[in-house]
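S.K.: Have a look at this one.
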Amino acid sequence: MKNLVFAMAIALLALGACTTQGTDENKEAATVDNGQAAIENIMTRTSIRQYKDQPVEQEKIDIMLKAAMAAPTAVNLQPWHFIVITDKQTIGLLAGKQPTNAPLLIAVCGDTDKTSMPDGKMKLPDFWVEDVSAATENLLLAAHALGLGAVWTGVYPAMERVAEVANVLNCPNNIVPVAVVRVGYPDETPEPKNKFKEENISYNKFGGKKE
């Protein structure tokens, strides 16, 4: 009887080890697959300017905004504000000389009131531009991953354009529009551009070659 119990215990331990190993292998495979999917999403994203007559679901808008706010930010100040626009008249006003049939615009803005630590000991007056730009790229990638198309239309630092967009959106002085992202279901399929160029890479110092 003791021998039987011992044998059963050994078998259960072996089964557990196999299961754990299988689980670890599955996790590793899933990590690789997810990594490949993430790289594929980056490499296949392209600017979309023509959209179907189909609204973007609120659930997808929420995901894009969460992705945008997952961007890196200097000392976690999160100096951004997002204005979601679905009103056709407002979309028309913001489009200006570049009309669009996008059903959704998201104005990605910097909040210059959020450029220093609460205790005032550290001020980062200019890093908000980088933070907001990173958030905008995250938004574009999330849109692509969700089967949507998007294009980044620049605002900042063209101050005349900044003033125009801020006026349409009733932005206070501390809210600075950096980009207006047009979003919708794609009605065109442009090929992604291959922008990789060896001449744009140096190693260890400017002009340094790969060893």
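S.K.: Filter the range 86-102 down to residues that are in contact (Cβ under 8 Å) with a residue 40 or more places away in the chain and surrounded by 19 or more Cβ atoms within 10 Å (Cβ to Cβ), then give me how many there are.
M.R.: Residues in the range 86-102 being in contact (Cβ under 8 Å) with a residue 40 or more places away in the chain and surrounded by 19 or more Cβ atoms within 10 Å (Cβ to Cβ): 3 in total.
S.K.: Shifting gears a bit: Take the range 41-68 and flag every residue that is outside any loop (DSSP other than H, G, I, E, B) and among the β-branched types (Val, Ile, Thr).
M.R.: Step one: of the range 41-68, the residues outside any loop (DSSP other than H, G, I, E, B) are 41-44, 47, 51, 58-68.
Within the range 41-68, ILE42, THR44, ILE61, ILE63 meet the criteria.
S.K.: Quick test for you: out of ALA71, ALA38, ALA7, pick the one residue that is assigned to a helix (DSSP H, G or I) and either modelled with pLDDT of 95 or more or surrounded by fewer than 12 Cβ atoms within 10 Å (Cβ to Cβ) (or both).
M.R.: Of the residues listed, the single one that is assigned to a helix (DSSP H, G or I) and either modelled with pLDDT of 95 or more or surrounded by fewer than 12 Cβ atoms within 10 Å (Cβ to Cβ) (or both) is ALA7.
S.K.: State the number of residues belonging to the range 142-153 that are surrounded by fewer than 22 Cβ atoms within 10 Å (Cβ to Cβ), touching a Lys or Arg at 6+ places or on another chain (Cβ under 7 Å) and part of a strand (DSSP E or B).
M.R.: The total comes to 2.
S.K.: Further question on the same structure: Which residues, counting only those in the range 122-141, are assigned to a helix (DSSP H, G or I), surrounded by fewer than 21 Cβ atoms within 10 Å (Cβ to Cβ) and not acidic (Asp, Glu)?
M.R.: Correct list: VAL129, SER133, ALA134, ASN138, LEU141.
Residue by residue, here is whether (1) assigned to a helix (DSSP H, G or I); (2) on the phi > 0 side of the Ramachandran plot; (3) among the polar types (S, T, N, Q) holds:
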site	(1), (2), (3)
ASN26	yes, no, yes
GLN78	no, yes, yes
ILE91	yes, no, no
ASP119	no, no, no
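The values are calculated or read from the model by the stated rules, or taken from the named source; none is laboratory data. Note that the structure is predicted; figures quoted are calculated from it, not measured. So basically every Cβ, Gly included, is an ideal-geometry build from the backbone, and we count neighbours across all protein chains shown.
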